[in-house]
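Heads up, the thing below is written out as structure tokens.
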Amino acid sequence: MNSNSITELEPKILWKWFDDFCGIPHPSFHEKALSDFILNKAKEIGLYVEQDSKNNLLIRKPASKGMEDKPAIAMQAHIDMVPQKGVNSKHVFERDPIATYIRDGWVYADDTTLGADNGIGAAMALGVMFSENLSHPALDLILTTEEEIGMGGAEVLNPAWLSAPYLLNLDSEDERVITVACAGGRDITIHLDYDLKDISSDSIVYEIKLHGLKGGHSGIDINNGRVNAIIMLSQILISSGINFELISLNAGTVRNAIPREVSAIVAIEGQSMGDIEGKLLELLPIYSEEFKHTENPFQLSVSSVASDTEVKAATYENSLKILNLICSIPNGMIKNTHFSHDLVEISTSLGVARISDGNCELQCLMRSLIDASKFGLEQRFKSVADLAGARMESDGDYPAWQPEMESPLLASLVKIFTDYYDEKPSIKAMHAGLECGILKKHAPDMQMVSFGPNIRQAHSPKECVEIKSVQECWQLLVNFLANPPVN
């Protein structure tokens, strides 16, 4: 189907907004065009709207007739998206629209992230704001930017925008679930400088690639048996016994996605490409056995690379030092919560590696449901960095969101879900970063919950959103706004 086919889905006003999102490039740090588009649309129909220096938006709509005495409700979503694409995709996220198609009741993009995280939530809220026949109290819509790379928009949000007593965050990814808590996070970056040498005239330069892995969201998918391509290739190269000199290694684009592929450029003397590939492929079954039920088959390739005589590389000893550093830093699920074996309490993920020209930079994101736990994990990073002679930087901290199980907002939404599905919803915490933790810092007395449709494989080119669950979440939102909690 062509990209416009989603506009035929119901409710049309929601899917038209999502189609608009797909048509306007909006990766993190590039949201202004989309923010301006929404701003102008809101002005056209006479809604009150503000835009700040981060391109965050506040849109206000008066209560419908008969609902003027009800407490105001705020809805919140972010308008940036994670830019991830398949290894063969030519897509340029800052320039190209997202091409969508429908398959088996789900909406996908063409070998890129879809942006349903969180475009579908924003489209749902905008659909409400632009509808003319819904019953609702006074509404505030807060649309934030830079959520996917540190929640920069929410961090600087004007607290005056958070004046409503209740807030619905629309950034959750499982239907029939109400989210009441989420992990906080902190960025960790490790730098290691190393000396360079001229490669031997007898050396041949090769590119070694590991690719075809699933990747995924570094919070939601961290305990789903996903392989980190950077760490896996490092382990294989170390174990191979091949005397290689590392010229460069590159993988990942964002901290909050598990890297699916990695490319290492190495100089090797005295071994044929067939010998090298044979040694590496011999190790694949050993390392892939652990993940045979949770990962795609590993794909590893070796190819020669044209080079000039000016190429410089790390010595074999420094190359091992770099890869040993990669293998030593904490990665993956660190600990589950004491009250649920299915809920990760603290984790970390190496998302980006940039190694070349004498500098190794490793970008990680750690998450924790308990803010204090981040300090102990950060110390582990620092200890590893110190042992390797590297330096560690820590920034981009955002707080966890703690649950309020007795809030009138939660009780009201549980009733709406129960009436609609004829069964009670699950009430959960999420091991991912929602902006509610930061919003709570701005507005401590504001009651908050989160819900959303089924979104799978977010932060990867396989991202998709289930059409039926979008329709159901729309109806839940409409029903809730018609029956809000009382003060």
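A single entry from G351, G332 fulfils the requirement of being at positive phi, within 23 Å of the chain's Cα centre (by Cα) and crowded, with 17+ Cβ neighbours inside 10 Å: G332.
Hey, any hits in segment 208-228 for a residue that's farther than 23 Å from H459 by Cβ and in a strand (DSSP E or B)?
Looking only at segment 208-228, we keep the residues that are farther than 23 Å from H459 by Cβ, and these are 208.
Filter again for in a strand (DSSP E or B), leaving 208.
Looking through segment 208-228, at least one residue is farther than 23 Å from H459 by Cβ and in a strand (DSSP E or B).
It is to be established whether one or more residues within segment 192-200 are polar (S, T, N, Q), closer than 27 Å to K32 by Cβ and more than 19 Å from the chain's Cα centre (by Cα).
First, the residues of segment 192-200 that are polar (S, T, N, Q): 200.
Subsequent filtering for residues that are closer than 27 Å to K32 by Cβ retains none.
Scanning segment 192-200 turns up no residue that is polar (S, T, N, Q), closer than 27 Å to K32 by Cβ and more than 19 Å from the chain's Cα centre (by Cα).
Residues in segment 361-402 that are crowded, with 17+ Cβ neighbours inside 10 Å, more than 23 Å from the chain's Cα centre (by Cα) and acidic (D, E): none.
Any idea which of K61, K43 is within 19 Å of D140 (Cβ to Cβ), surrounded by fewer than 18 Cβ atoms within 10 Å (Cβ to Cβ) and among the basic types (K, R)? The conditions single out K43.
Picking from residues in segment 235-257 that are in contact with a strand residue (DSSP E or B) (Cβ under 8 Å, 6 or more places away or on another chain) and polar (S, T, N, Q), the one that is surrounded by the most Cβ atoms within 10 Å (Cβ to Cβ) is N256. Exactly one of these conditions fails for H30: (1) part of a loop (DSSP other than H, G, I, E, B); (2) surrounded by fewer than 14 Cβ atoms within 10 Å (Cβ to Cβ). Give me its number. For H30, the failing item is (2).
Note on segment 343-387: residues that are at pLDDT below 95 and of a type in the set (F, W, Y) total 1.
Residues in segment 295-319 that are more than 19 Å from I236 (Cα to Cα) and either part of a loop (DSSP other than H, G, I, E, B) or without any contact (Cβ under 8 Å) to a residue 40 or more places away in the chain (or both): V305, A306, S307, D308, T309, E310, V311.
Applying the criterion of at least 3 residues that are outside the structural domain of P83 (by the TED database) to the helices (runs of 4 or more DSSP H) found wholly in segment 345-451 leaves 373-388. Within segment 72-79, at least one residue is assigned to a loop (DSSP other than H, G, I, E, B), crowded, with 24+ Cβ neighbours inside 10 Å and in the same structural domain as P165 (by the TED database). Being out of contact with any His (no Cβ under 9 Å at 6 or more places or on another chain), closer than 30 Å to K374 by Cβ and in the same structural domain as A385 (by the TED database) narrows it down to one of I231, I208, so name that one. So the residue among I231, I208 that is out of contact with any His (no Cβ under 9 Å at 6 or more places or on another chain), closer than 30 Å to K374 by Cβ and in the same structural domain as A385 (by the TED database) is I231. Pairs are defined by a Cβ separation below 7 Å, a sequence spacing of at least 6 or placement on different chains, a first member in segment 376-391 that is in contact (Cβ under 8 Å) with a residue 12 or more places away in the chain, and a second member that is in a helix (DSSP H, G or I) and not aliphatic (A, V, I, L, M); the pairs so defined are V384/S328; A388/K321. Annotation note: Cβ proximity below 7 Å between a residue of segment 41-70 that is over 15 Å from P484 (Cβ atoms) and assigned to a strand (DSSP E or B) and a residue that is of a type in the set (K, R) and modelled with pLDDT of 95 or more (sequence gap 6+ or interchain) occurs for Y48/R60; V49/K43. Residues in segment 110-131 that are surrounded by fewer than 21 Cβ atoms within 10 Å (Cβ to Cβ) and either more than 17 Å from M75 (Cα to Cα) or modelled with pLDDT under 95 (or both): D110, D111.
Would it be correct to say that A164 is surrounded by fewer than 18 Cβ atoms within 10 Å (Cβ to Cβ) and assigned by the TED database to the domain that holds V49? So A164 does not fit the description; no. Out of all the residues in segment 184-207, which are modelled with pLDDT of 95 or more and not in a strand (DSSP E or B)? Answer for segment 184-207, where residues must be modelled with pLDDT of 95 or more and not in a strand (DSSP E or B): Y194, D195, L196.
For segment 452-474, the set of residues classified as among the charged types (D, E, K, R), in a loop (DSSP other than H, G, I, E, B) and either more than 22 Å from S5 (Cβ to Cβ) or touching a helix residue (DSSP H, G or I) at 6+ places or on another chain (Cβ under 9 Å) (or both) consists of E463 only.
The values are calculated or read from the model by the stated rules, or taken from the named source; none is laboratory data. Worth saying up front: this structure is predicted, and the values here are computed from it rather than measured. Counting neighbours? That spans all protein chains shown, and the Cβs are built from the backbone with ideal geometry, glycine included.
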